[in-house]
Every structure is written in C-alpha cells, then in structure tokens.
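Structure, as structure tokens:
Just so you know, all these numbers are worked out from the coordinates, no wet-lab data involved. Being a predicted model, the structure only gives us computed values, none of them experimental. Cβ coordinates were reconstructed from backbone atoms using ideal geometry, including for glycine residues, and neighbour counts include every protein chain displayed.
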Amino acid sequence: MYILFWISLFFIIYTYVGYGILLYIILKLKTIIKGKRNPVPIGYTPTLTFIVAAYNEAYCIREKIENTLSLEYPDDKIEFIFVTDGSTDDTPTIIKEYPRIRLLHKDGRSGKIAAVHRAMQEVKTDIVVFTDANTMVNNQALLLMSRHYSDPSVGAIAGEKRVQIDETADATAGEGFYWKYESKLKKWDSELYSVVGAAGELFSIRTNLYEPVEPDTILDDFMISMNIARKGYRIIYEPDAYAMEKASADTAEELKRKIRISAGGVQSTLRLKSLLIPFKQPILTFEYISHRILRWVLTPYLMILIFVLNIIFIIQVGLFGLYGFLFVAQIFFYGAALLGRLLEAKQMKIKIFFIPYYFCLMNYAVIAGMFRYLFGEQSVLWEKAKRK
C-alpha cells in the first residue's frame with residue numbers, strides 16, 4: 001500500500017506540476033544545444049476561409065460579424081462562411097444584412113459537427129479557420145496564424161483562448177488562472193514538437209488534411225486537429241492569435257461545460273488509442289499522455305486513492321510524522337476548496353480560495369464526465385454554458 005501511495009502521489013504531482021517543469025528543462029537544454037529559434041515572419045498569406053457555426057446567437061452575432069470583417073487579411077484571399085443550421089431566432093436574418101458573409105442555413109438541428117461538415121464541402125481555399133460565434137478575435141490573428149503554413153510540416157494552428165474575468169469574479173476566476181497555465185503548457189508543447197489538440201474558440205487547418213469525424217463526436221475541434229497530428233503533421237500554437245471569451249456565468253455553468261469536455265475526453269481517448277503506442281510518434285505520444293490522458297483518465301481517481309490510503313496510514317502509525325503531515329496538507333487544501341465554495345455562495349471576493357475550489361471542480365467533472373459518457377448520457381447536441 002505504501003508503494004501504491006507514493007506512485008499515485010508522483011503521478012498527481014507530475015500531471016499538474018511536474019510535466020510543466022520537465023518541459024521547461026527540456027526546452028532550456030534544447031535552446032543551449034541548438035540555439036534560439038527565429039520567429040516566423042508575417043507575410044505568407046495562403047487563401048483562407050473563415051467559418052463560424054452559430055446556433056441561436058442573435059444576442060452577439062452582429063458584434064461577431066463586425067469583428068470578423070475587421071480582421072487584417074488580403075481581401076482577395078479570404079472568404080467568410082457562417083452556418084446557422086437549426087437556429088430559430090434572428091441569427092440568419094442578421095447575417096443576411098452583410099453581403100460579404102456567405103450564409104448556410106437549413107431548418108433542423110443536427111449539431112455543430114454536422115454544420116461544420118456541410119460548410120467544409122463548400123471550401124475551395126488552402127486553409128480554413130474555425131472560431132466560435134461568441135468569441136472575439138484580435139485584429140492580426142489570421143496573419144499570425146497563416147504565416148506558419150510556410151512550413152510544409154505544419155498541418156494545423158491552435159490559437160489562444162483568453163478568458164475575461166471581471167472585478168466581481170466568483171470561483172470562475174479559477175478558469176482564467178487555469179487557462180493561463182494551460183496556455184503556457186501549450187506554448188512549450190509546441191516548441192518541443194506539437195500542441196496536443198486545438199480548442200474550438202480559434203484554430204486553423206490545411207483544407208486538404210480535413211477528415212470528417214463521426215457525427216456523435218463530442219469534442220469535434222480536438223478530434224479534427226488530432227487526426228491531422230496522427231498523420232505526422234505538427235499543430236503549432238500561436239499565442240498572439242487569440243479569441244476573447246467571457247467567463248462562465250457561474251460555477252454551475254462552468255461545471256456543465258467541464259463535464260461535457262470530460263465526457264468528450266474519454267471518447268477521444270478511445271478513438272485515439274493508436275497514439276498511446278509510442279513507436280510511430282514517440283514525442284507526440286509523450287505529450288499526449290502527459291498533457292491529456294493522465295488528466296482525463298487517471299489522476300482524479302488517484303487523488304481519491306491517496307486520501308483513503310492516507311487515512312489508513314494515520315490509523316496505523318498515528319498523526320505525527322510524514323504521513324500525518326501529508327494528511328493535514330490534504331485537509332487544508334480541501335478545506336480551502338470548501339471555503340471557496342462557501343464564499344462563492346456569499347458572493348465574497350477572496351480569490352485565493354477560488355483556485356483550489358476550481359481545481360476540485362475540474363477533477364469532479366472528469367469523474368462525472370466519464371460516467372456520463374459510459375452510460376451514454378452525453379449528447380452531441382448540447383446547450384452551451386451561459387457566459388457573463
């Protein structure tokens with residue numbers, strides 16, 4: 001039991017801290033040996049189609065269109081497609097006001113991935129950029145992303161998601177902290193070899209590498225990009241191309257979103273099982289297991305295991321000593337998370353407690369998401385989390 005405890009503790013620390021430290025050390029050594037890599041200059045501008053799948057987004061679609069049309073890119077090399085399948089509000093009507101936007105609309109809702117598949121059949125350009133309807137993209141994002149396609153080994157580009165946190169932030173402030181850390185890991189993954197998947201807020205692919213995913217795919221953006229990666233192409237992270245998104249309206253909304261992502265993570269693990277074998281793409285496998293698999297499949301359960309084992313050890317050897325210290329440390333951490341939950345209920349702004357609360361929330365979502373997927377309760381059709 002003692003060996004199991006320490007192995008479990010090692011994997012927990014490695015998942016959330018150790019992997020980042022290891023990446024940092026590897027990249028420092030790489031820089032010493034090979035020197036610092038020169039940045040890719042802006043200037044390579046292949047033909048591009050900008051795709052937005054929107055479902056009942058009348059409250060923000062006009063702002064999205066204005067943002068889209070203001071992006072810097074040669075006018076003769078860019079096309080815009082908005083897909084509004086199943087929308088029952090004024091979203092399609094608003095889009096029709098803008099002649100530069102090509103609208104694809106049909107009645108009946110089949111899900112985002114079905115809408116994306118339909119839009120991709122209309123694409124004739126070299127690359128495609130996908131972004132969500134409720135996110136605003138920075139002005140030079142397309143130029144910054146497109147420049148990387150001058151390298152033929154690059155198959156996709158992942159932009160950065162930035163979460164807007166206001167002064168009255170509740171425990172969703174942890175979302176912003178999480179994404180800052182996640183962005184750093186993505187940057188280091190990309191510098192080592194490749195990002196492990198892209199998020200739907202903003203990403204791009206070579207059109208000829210697009211592979212339709214199964215219609216029941218939960219994390220379509222992740223699967224589309226990872227299918228390209230397992231063909232041997234790299235996914236580059238471009239942090240200066242970003243999509244701004246407001247934080248979830250409250251913790252309940254954030255939990256709903258995280259559970260769906262976790263269910264999709266389990267599904268993706270099963271469908272990308274070939275990446276777990278390191279012989280073909282050892283570096284990608286290392287990144288994939290370290291950055292994704294441990295979080296989605298193993299670590300939350302190890303947290304429960306070491307807590308239970310720690311209680312057993314305390315009963316056997318008492319509260320003093322190393323195991324007593326570790327037990328007290330866990331109690332303090334989970335106590336801080338509980339306090340964060342109570343403070344949120346009272347709308348008190350002490351953000352230091354929101355981070356352990358958000359951390360526990362994330363790990364609970366992983367467990368809940370796995371059960372939801374295994375029992376077939378996660379539909380590809382879903383109501384997106386409400387934002388502030």
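Before moving on, here are some points about what is shown:
- For the stretch 152-157, the Karplus equation 6.51 cos²θ - 1.76 cosθ + 1.60, evaluated at θ = phi - 60°, returns couplings of x, 7, 8, x, 7, 10 Hz by residue, with Gly and Pro reported as x.
- Working note: Karplus 6.51/-1.76/1.60 with θ = phi - 60° gives the stretch 282-297 the couplings x, 5, 4, 4, 4, 5, 5, 5, 5, 8, 10, 4, 4, 6, 7, 10 Hz, where Gly and Pro are set to x.
- For the chain, the dipole from Cβ point charges (+1 on Lys and Arg, -1 on Asp and Glu) about the Cα centre works out to 1080 debye, to the nearest 20.
- Inter-site label distance for residue 77 and residue 342 at 7 Å from Cα along Cβ, in nm: 5.9 nm
- 3J(HN,Hα) along the stretch 361-366: 4, 4, 6, 5, 4, 4 Hz, from the Karplus curve 6.51 cos²θ - 1.76 cosθ + 1.60 with θ = phi - 60°, whole Hz, x for Gly and Pro.
- Largest mean-square fluctuation among 95, 304, 355, in a Gaussian network model of the chain whose springs join Cα atoms under 10 Å apart, belongs to 304.
- Cα centroid of the stretch 266-301 to Cα centroid of the stretch 6-22, whole Å: 15 Å
- When the stretch 1-124 is described by a simple charge dipole with +1 on each Lys and Arg Cβ and -1 on each Asp and Glu Cβ, the residue from 14, 56, 110 located farthest towards its positive end is 14.
- Qualifying chymotrypsin sites (Phe, Trp or Tyr not before Pro) in the stretch 1-99, DSSP loop, other Cβ atoms within 10 Å at most 14: 44, 59
- Taking a straight Cα-Cα cut-off under 19 Å and skipping sequence neighbours fewer than 8 places away in the same chain, the aspartates and glutamates within cross-link reach of residue 30 are 189, 191, 287.
- In the stretch 315-367, the chymotrypsin sites (Phe, Trp or Tyr not before Pro) that fall in loop regions by DSSP, at most 11 other Cβ within 10 Å: 320
- Annotation: amide H-H contacts under 5 Å for residue 194 (H modelled 1.01 Å from N, sequence separation of 5 or more, or interchain): none.
- The GluC sites (Glu not before Pro) found in the stretch 109-168 that occupy coil by DSSP, while having at most 13 further C-beta atoms within 10 Å, are 122, 167.
- For the cross-link pairs 184/256; 112/161; 231/280; 186/258, the ones whose C-alpha atoms lie over 21 Å apart are 184/256.
- Around the amide H of residue 49, modelled in the peptide plane, lie the amide H atoms of 79, 127, 128, 129, all under 5 Å away and 5 or more residues distant in sequence or on another chain.
- Over the chain, Cα pairs under 8 Å with separation of 6+ residues give a relative contact order of 20 percent.
- Residues 238, 191, arranged from fewest to most other Cβ atoms within 10 angstrom of their Cβ, appear as 191, 238.
- Put simply, the amide H of residue 240, placed in the peptide plane, has no neighbours under 5 Å, leaving out anything fewer than 5 places away on its chain.
- Candidate aspartates and glutamates - alpha carbon under 19 Å from residue 96, same-chain residues fewer than 8 apart omitted: 57, 63, 66, 79, 85, 107, 122, 132
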